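Working notes for the structure below.
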């Protein structure tokens, strides 16, 4: 029987985050085939799970940071962003109270922007973790943990809150043709 090596990058919490992150990336990668209602329903369920799984991974210090890599290009980011912005239409934009520093300010947010940023962080995590070296895995875990704390964790919370309000309001759905029903 193959045993998982005793290293933090193989912790159960990391493997669980990999599973949920992969599901998120696969689903958003097929977003053009999913209608707005089904995508919203999916996101309302997966975002809290992503938050939970990311909050449980261990803090890992990569011994060789030169093994850190980015895989997703600006063009790929733009393509997903535009797809999601068009998918959410008038429901894409929302207001956020930015509580950084001593002054609260209200800024405009975008579901497409937030969801694409989350996708990018998770996609880079998945791609780097798939490399065979322990150094790559350490960098993958360190980077996803660090970026969760500093960036995409709050974006996830803001997006989920907005999706929740859309769900409460019955989501102002434009009629979309029914597509694959894999969700």
Once the Cα atoms of helix 12-29 and of the chain are each reduced to a long axis, what angle between those two axes, in degrees from 0 to 90 to the nearest 10, is obtained?
40
Rounded to the nearest 500 deg cm²/dmol, what is the calculated helix-only ellipticity per residue at 222 nm for the chain, with -39500 (n - 2.57) per DSSP H run of length n ≥ 4?
-19000 deg cm²/dmol
How many angstrom lie between the C-alpha centres of the range 111-153 and the range 39-63?
10
Under the classification rounded if a/c is under 1.5, otherwise prolate if a/b is larger than b/c and oblate if not, where does the chain fall, given a ≥ b ≥ c as square roots of the Cα gyration tensor eigenvalues?
prolate
Principal-axis tilt of helix 111-129 within the chain, Cα atoms, nearest 10 degrees
20
What list do you get for 141, 14, 60 if you sort them by fewest beta carbons within 10 Å?
60, 14, 141
Between 0 and 90 degrees, rounded to the nearest ten: what's the tilt of helix 153-168 against the longest Cα principal axis of the chain?
30
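Taken together, the values in this text are just the output of simple stated rules run on the coordinates, not laboratory data. Since this is a predicted model, take the numbers as computed values, not measurements. Cβ: placed from backbone, ideal geometry, glycine included. Neighbour counts: every protein chain shown.
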